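A short worksheet on the structure shown next.
The values are calculated or read from the model by the stated rules, or taken from the named source; none is laboratory data. Small disclaimer: the values here were computed from a predicted structure and weren't measured. Ideal geometry is used to build each Cβ from the backbone, glycine not excepted, and the neighbour counts take in all protein chains shown. Side chains are part of the model used for accessible areas, which takes the heavy atoms of the whole protein and leaves out ligands, DNA and RNA. Shrake-Rupley method; radii C 1.70, N 1.55, O 1.52, S 1.80 Å.
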Amino acid sequence: VEASLTYDFATPCEVLLLVEAAHGPDQVVGLEALTFWPNVDAVRVDDPVTFERRTVFTATGTVNALYRAQVEVMRRDHDLADAPAMAIRDLPSEVLPFLRASRYSPSDRLEPFVEREFGQLQGGAKVQAMLDWIGEHIDYLGGVSNSGTTAIDTLVDRAGVCRDFTHLIIGLCRAADIPARAVSAYAWKLEPPDLHAIAEVYLGGRWRLVDATGKAPIDGLVRIAYGRDAADVAFLTIFGKADMVSQSVTVRPA
């Protein structure tokens, strides 16, 4: 995988960068390098619990961040068929936060819709029905949404990009008492190549990846980070102002 990000910072500001592939049980990160041109004052902020790896740096002028890595993705079984939902009392404590409404996935407002459309289904069958509904009713279309768009907006507008699809499936699942979270990833075969937003649902005692857009194979996803919604997994958080100069992402098999 490779990500090249070039931004222009008119005034000095701090930047939180989240583009490095996560270490975890379903992928192994081999050779990798994160470089900046020109060199910047950078500090690592790694998370030993989530395996996410962040870099905070101070930027001014035009700065390029280049990340390259070889990642071995293990075989993944994310089949939803016959995957049971768990009683809330049986969920691990670290899973419970992903049942709650969040900024971009106000699941409490989706409960009547979920009950009406999917109330007769359970577990993996319910999640699959939600994914099918999104595929049939939501168009993948740029320019419809913005940084403030929520799952409710996407449901009304019936269009959006990967981030919006992800917020919608997360909101629908949480409204059905199924834990769900946002995942940022590199995606093989995604056209056009870009950083990709997908989701994970907690069924049958483990997290299972789902791509509500259907645009990338699950086995070709390289996980970067997870969180409640896009606010937690943004690849670049700028504490100030900047203009994008160029941005490119490449994913290819070794």
Filter result (closer than 22 Å to Ala85 by Cα, hydrophobic (A, V, I, L, M, F, W, C) and free of Cβ contacts under 8 Å to residues at least 40 places away in the same chain) within the range 159-206: Ile198, Ala199
Subset of the range 89-135 that is among the aliphatic types (A, V, I, L, M) and outside any helix (DSSP H, G or I) - its residue that is surrounded by the most Cβ atoms within 10 Å (Cβ to Cβ): Ala101
Filtered residue count, the range 185-219, keeping only those that are more than 18 Å from Gly142 (Cβ to Cβ) and touching a strand residue (DSSP E or B) at 6+ places or on another chain (Cβ under 6 Å): 10
Test: residue in the range 68-77 that is touching a Pro at 6+ places or on another chain (Cβ under 9 Å) and surrounded by fewer than 17 Cβ atoms within 10 Å (Cβ to Cβ): yes
Condition check for Val161: β-branched (Val, Ile, Thr), open to solvent by 10 Å² or more (accessible area, probe 1.4 Å), under 15 Å from the mean Cα position of the chain (by Cα) and farther than 28 Å from Ala254 by Cβ: yes
Single condition Ala85 does not satisfy, out of (1) in contact (Cβ under 8 Å) with a residue 40 or more places away in the chain; (2) within 18 Å of Ile178 (Cα to Cα); (3) exposed (fewer than 13 other Cβ atoms within 10 Å of the Cβ): (3)
Residue in the range 20-35 that is free of Cβ contacts under 8 Å to residues at least 60 places away in the same chain, over 27 Å from Glu72 (Cβ atoms) and either open to solvent by 40 Å² or more (accessible area, probe 1.4 Å) or among the acidic types (Asp, Glu) (or both) present: no
Residue within the range 160-170 that is farther than 19 Å from Tyr104 by Cβ and in contact with a Ser or Thr (Cβ under 6 Å, 6 or more places away or on another chain) present: no
Pair list, Cβ under 6 Å, 6 or more apart: the range 60-77 residue outside any strand (DSSP E or B), other residue open to solvent by less than 40 Å² (accessible area, probe 1.4 Å): Met74/Asp26; Arg76/Asp26
Lone qualifier among Ile178, Ile138 - being buried (at least 18 other Cβ atoms within 10 Å of the Cβ), more than 30 Å from Val49 (Cβ to Cβ), β-branched (Val, Ile, Thr) and touching a strand residue (DSSP E or B) at 6+ places or on another chain (Cβ under 7 Å): Ile138
